[in-house]
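Report on one structure; see the data block that follows.
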Amino acid sequence: MFENLSDINEKRETLEMQLSDPGLVGDQDRYQKVVREHSHVTKLSELYNAYLVVCTDLEENRELIQNEADDPELAELARSESDELTRRKAELEDEIRVLLLPRDPNDEKNTLLEIRAGTGGDEAALFVADLFRMYSRYAESKGWKVEIMSSSPIGIGGFKEIIALISGDQVYSRLKYESGVHRVQRVPETETQGRIHTSAVTVAIIPEAEEVDLHIEPGELKFDVYRSSGPGGQSVNTTDSAVRITHLPTGLVVTCQDEKSQHKNKAKALQVLRARLLDQIQQEQHDKISEERKSQVGSGDRSERIRTYNYPQGRITDHRINLTLYKLEQVLAGNVDEVILPLITHYQTEALNLMQ
């Protein structure tokens, strides 16, 4: 098994030589790619070397057991060790298979987090703010940076929509399963009879698109500028600093008015537009892929209800993997790994099953 890993140590040494080349640092894009590849190969190399040691130990134990007549006591010791070695071998095989899975090219990318209010009016808008707070705290715990790109506040602490760029290590790989409809069940503060209301918001996780990922012709874009406005339409700016960009071939529209500078709003709007266009292209490609591949990576359908947050019961349920936790407060406080890690395990297991 894993014969194709026989040269993994040589590959690791080659990458280490590349990293020691002073000229590589001058090309930051290439340098970062080599760093990521070296990290991946190093993990694989360490696991493979540990796997070879376990295989050798198991073979030696088998020989001792076969020669039991020569030393019964040593054979008995080998027998007792074999069960533990067999278990460890299986664990290492699973870990190596996971690292050998085809890697999502977006996993290393920064991510646009888009949260929009759905059914439920003001209550949905308030839950948008709750989810944004949850993801912000989660990002803080990971050492990631959160930058608000665009928002539409409603004036009572909620948002019709909020878009943020989350930057850091492996952001997309952690958040990519969060896309979908998030449903909340709770009693609104304005509810006098204590009735539970159900609201919904939509979360979209979009990998950041760099200029090298997607080229947009200047003639494909229409720019409009206007005065920013706050909740209820009140003016918050006396200059035309808000920016609306329309991508003419697709009709995609992005607006940004959070910054006082028109230049900054334009840059942020372009960043969001580029990411949405690339995501649209990738979604179209994804739809053409076989059902087998879809089951491997998950549907990614943002119209799909993926999770319910039930406040009266303190319960959070992820419907894709039938996971129910009575840890609503902890998750909303930013401990999202309680849900994310089981999801990653589930989809990795599905992908491993397809490989066999």
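Where a number appears in this text, it was derived from the coordinates with a stated rule and is not lab data. Everything quoted here is computed from the prediction, not taken from an experiment. Please note: Cβ atoms are built from the backbone with ideal geometry, for glycine as well, and neighbour counts cover all protein chains shown.
Highest mean first, the peptides 32-43, 132-143 sorted by other C-beta atoms within 10 Å per residue fall in the order 132-143, 32-43. Go ahead and set up a Gaussian network model of the chain, Cα springs under 10 Å, then flag whichever of ASP57, ASP169, ASP224 fluctuates most. Taking springs between Cα atoms under 10 Å, the residue moving most is ASP57. When peptides 122-129, 91-98, 322-329 are sorted by average Cβ neighbour count within 10 Å, with the highest value leading, the order is 122-129, 91-98, 322-329. Give, as a single signed number, the net charge of other residues whose beta carbon lies under 15 Å from the beta carbon of TYR135, with Lys and Arg counted +1 and Asp and Glu -1. That works out to 0. Summarising the strand pairing of the chain, around 90 percent of its internal DSSP beta bridges are antiparallel. Taking the chain as a Gaussian network of alpha-carbon nodes connected by springs under 10 Å, the highest mean-square fluctuation of the residues PRO249, PRO22, PRO342 belongs to PRO22. Calculated on the alpha-carbon coordinates, the convex hull of the chain measures out at 186 cubic angstrom per residue.
Just to confirm the number: angle between the C-alpha axis of helix 8-19 and the first principal axis of the chain, 0 to 90 degrees, nearest 10? Its long axis makes an angle of about 50 degrees.
Taking the chain as the reference, fit the longest principal axis to its C-alpha atoms, fit the long axis of helix 262-288 to the helix C-alpha atoms, and give the angle between the two in degrees, 0 to 90, nearest 10. Between helix and principal axis, roughly 50 degrees. Placing unit charges on each Cβ (+1 for Lys and Arg, -1 for Asp and Glu) gives the chain a dipole about its Cα centre, and among ILE154, CYS256, HIS197 the Cα reaching farthest toward its positive end belongs to ILE154.
Distance between the modelled labels on LEU325 and ILE148, one decimal in nanometres: 2.7 nm (7 Å Cα→Cβ projection). Largest GNM mean-square fluctuation among THR14, THR202, THR111, using the chain with Cα springs under 10 Å: THR14.
Is the range 1-143 best put as rounded, prolate or oblate by its Cα gyration tensor, with a ≥ b ≥ c the root eigenvalues, rounded for a/c under 1.5, and otherwise prolate when a/b is larger than b/c, oblate when not? Note, shape of the range 1-143 comes out oblate.
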